[in-house]
Amino acid sequence: MASIELRSVVKRYPGTTAVKETSLAIADGEFFILVGPSGCGKSTLLNMIVGLDEVSGGEILVDGKVVNDLDPKERNMAMVFQSYAIYPHMTVRENMAFPLKLARLPQEEIATRVEQAAEILELGGLLERKPGALSGGQRQRVAMGRAIVRDPDVFLLDEPLSNLDAKLRTQMRTELARLQRRLGTTTVYVTHDQTEAMTLGDRIAVLRHGEIQQVGTPRQLYEHPANLFVAGFIGSPAMNFLPGRWSEGRLQLPLGAIELPPEQVGPSLPTDNPLVVGFRPEHLRPASGEGSNTGALDFTARIEVLEWMGAELFVYFDVEWSGYTGFILPQELETDSKDTGRRVMVARIDPACGLKEGDTLHLRLAAAHLQVFDAASGANLRPEIG
Amino acid sequence: MRVGSKDRRERLWWAVGGVLVITYALVPVAWLVSLSLKPAQDLGDKRFLPRQVTLEHYATIFQDSQFASALWNSAGIAAISTLAALLLGAGAAYAIVRLQFSGRRLMLAAALAVAMFPPVSIIGPLFNMWRSLGLYDTWAGLVLPYMTFTLPLAIWTLAAFFREIPWDLEKAARVDGASPLQAFVHVILPLAAPGVFTAGILVFMFAWNDFLFAISLTSTNDARTVPAAIAFFTGSSLFELPTGAIAAASVVVTLPVILVVLLFQRRIVAGLTSGAIKG
């Protein structure tokens, strides 16, 4: 059990800064997620916590003690690697016993602990096998087993599920969450998959270009993303974005103008500045007729593509515009980040409504769910509600 | 049918080719064995199979104290050279593969250049240096050049094997509580075992078979190895050519090499298949 604190931690490589000044506090027993696109510095951050990478500046504290200069073996942290990194020349039992042998525990104690861990992870029958004879999911368990036998202060997991197939990944995700609750060990989990981040984490830190964009609970990130990047990164399917402008007390969108309730406008939205307006697919609802009223915008859309998922239906439609400038989204979110004057939107609709591709659909967008971002800085201009 | 007959023909040609190569390689060895078993008076009989088999030459060489000490020198010097080259080579190769430092490529190239250097060209200076340093006619005097000339090979072979080992394994060992040395010994080295054996065989054979350094840098039984000692064989009488004894000695020194290769070859194959390096 341990709490972790990062104070202005920096990692520089010759020519680049992999992690910019980062400060974080991870509470004892917390399941903390570092999420971001590849190359955002999340793994570097993890390696610095465990001591495989040296910090270039700042301090890392575990339970209030600075561990900057401690060797990995003195930090009592266990790590699971994306490649699992189980030792191919040792049996499953030897793999799990390895950290205990290095710690010079007595033989009987090692045997009991390995048996216990094997039981928790349902590896009982596989103890004498070599990793070569195991499936991907089993290897993943062995890597977990090697981490938990030590009863470490902290678990560090570096994309542990990304080498598994989709079904197994979902299953292991649930098991991982259960295991962490059961053991109550502080866990730092690195992933690029926002679904894993949302489902597993007590709190999430979103990283981009070696910089933390936002730290918060999954709910906070989803409902009030701090900037465009977080808004687009969290959620699947992704948030819809449109260009917008604030004029005459109304928000001008390619779909029409909409009034915002005063509490949503905040101090003031900048007139003239190009804005980006975001809304989630589930916040589009089928509407009975056309026309705008306060707090909602009704419009019609021609269905281009339907994706029926059983419990929900995704409706894709195009929105075109002209006369808006400065509509550029963060590169990681877009294959084509240029202002093309046309975007595909998606709405999540009840599948019971019996739609076909090519149909025209009346949709209602509620102002309460709109996110308004400054197009230049990407910052969320809407005050946090609730 | 057609495919089958083509298949069979192909296999036949492979068999013929194989037999040819093996014959070509083994006839001189067989001739040597045959010579070593012939009685002295039959040595010039130009027959492939000895008319009469005798072990007298083997008895002769082992009675000669010179041969026994040469065997001891050969074994000791080759073993020390191999161990030292592997130890240094493993360290150097690991550093070259794992550490980021400038001049890694240069180091590898320089190592290769050493291996390309013709030994003959340094024999003269070495002879003088060793004499003034007191290394002439000592084990160290031979171990040093053997190590020097085989280290590049060891480094290149081992570096190739180390490169194949996922770095994550070393990191995992470090996080599991191993010191850098423990991680190397418990995780990296066992996985690179095939490479270690390969390099070991190459170094051992170089040291065991070398004649040039051995003949130039030794003068007595203190450090003279078998290849050099054979050249100093004399017949049982002044007027007899020691052909039989030389043949017997050659057979005796060939055996350990064959043994070592066969032994390690099995380890190499076993190591390669049981590696299963994949996360």
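The values are calculated or read from the model by the stated rules, or taken from the named source; none is laboratory data. Quick caveat: nothing in here was measured; it's all calculated off a predicted structure. Every residue, glycine as well, gets a Cβ built from its backbone with ideal geometry; the counts of neighbours run over all protein chains shown.
Things worth noting here:
- Residues of segment B:157-191 classified as in contact (Cβ under 8 Å) with a residue 60 or more places away in the chain and outside any helix (DSSP H, G or I), total: 3
- Selection from segment B:192-213 of residues that are outside any helix (DSSP H, G or I) and over 15 Å from B:VAL143 (Cβ atoms): B:ALA192, B:PHE211
- Going through (1) within 25 Å of the chain's Cα centre (by Cα); (2) not in a helix (DSSP H, G or I) one by one, B:LEU49 falls short only on (1).
- Any hit, segment B:143-163, residues being within 14 Å of chain A (Cβ to nearest Cβ) and either polar (S, T, N, Q) or closer than 30 Å to A:ALA147 by Cβ (or both): yes
- Count of segment B:178-202 residues which are surrounded by fewer than 21 Cβ atoms within 10 Å (Cβ to Cβ), at the interface with another protein chain (Cβ under 7 Å from one of its Cβ atoms) and either within 27 Å of the chain's Cα centre (by Cα) or of a type in the set (Lys, Arg) (or both): 1
- Flag if A:THR170 is under 30 Å from A:SER377 (Cα atoms), β-branched (Val, Ile, Thr), modelled with pLDDT under 95 and out of contact with any Phe, Trp or Tyr (no Cβ under 7 Å at 6 or more places or on another chain): no
- Residue check, B:VAL175 closer than 30 Å to B:ALA70 by Cβ, surrounded by 15 or more Cβ atoms within 10 Å (Cβ to Cβ) and β-branched (Val, Ile, Thr): no
- Candidates in segment B:93-136 are the residues that are more than 30 Å from B:ALA193 (Cα to Cα), assigned to a helix (DSSP H, G or I) and among the hydroxyl-bearing types (Ser, Thr, Tyr); of these, the one that is modelled with the lowest pLDDT is B:SER121.
- Identification of helices (runs of 4 or more DSSP H) wholly contained in segment A:48-163 with 3 or more residues that are within 12 Å of chain B (Cβ to nearest Cβ) and surrounded by 22 or more Cβ atoms within 10 Å (Cβ to Cβ) yields A:92-102, A:136-148.
- Checklist (1) polar (S, T, N, Q); (2) touching a helix residue (DSSP H, G or I) at 6+ places or on another chain (Cβ under 6 Å); (3) modelled with pLDDT under 90 applied to B:GLN52, failing item: (2)
- Residue-level check: of (1) touching a Leu at 6+ places or on another chain (Cβ under 8 Å); (2) modelled with pLDDT of 90 or more, A:VAL305 misses just (1).
- For segment A:190-206, the count of residues that are among the basic types (Lys, Arg), under 29 Å from A:GLY232 (Cβ atoms) and buried (at least 18 other Cβ atoms within 10 Å of the Cβ) is at least one.
- Candidates A:ILE60, A:ILE49, filtered to the one that is among the aliphatic types (A, V, I, L, M) and either in contact with a helix residue (DSSP H, G or I) (Cβ under 8 Å, 6 or more places away or on another chain) or without any contact (Cβ under 8 Å) to a residue 40 or more places away in the chain (or both): A:ILE60
- Residue pairs meeting the criteria (Cβ under 7 Å; at least 6 apart or on separate chains; first more than 28 Å from B:ILE258 (Cβ to Cβ), in segment B:1-27; second among the acidic types (Asp, Glu) and modelled with pLDDT under 90): none
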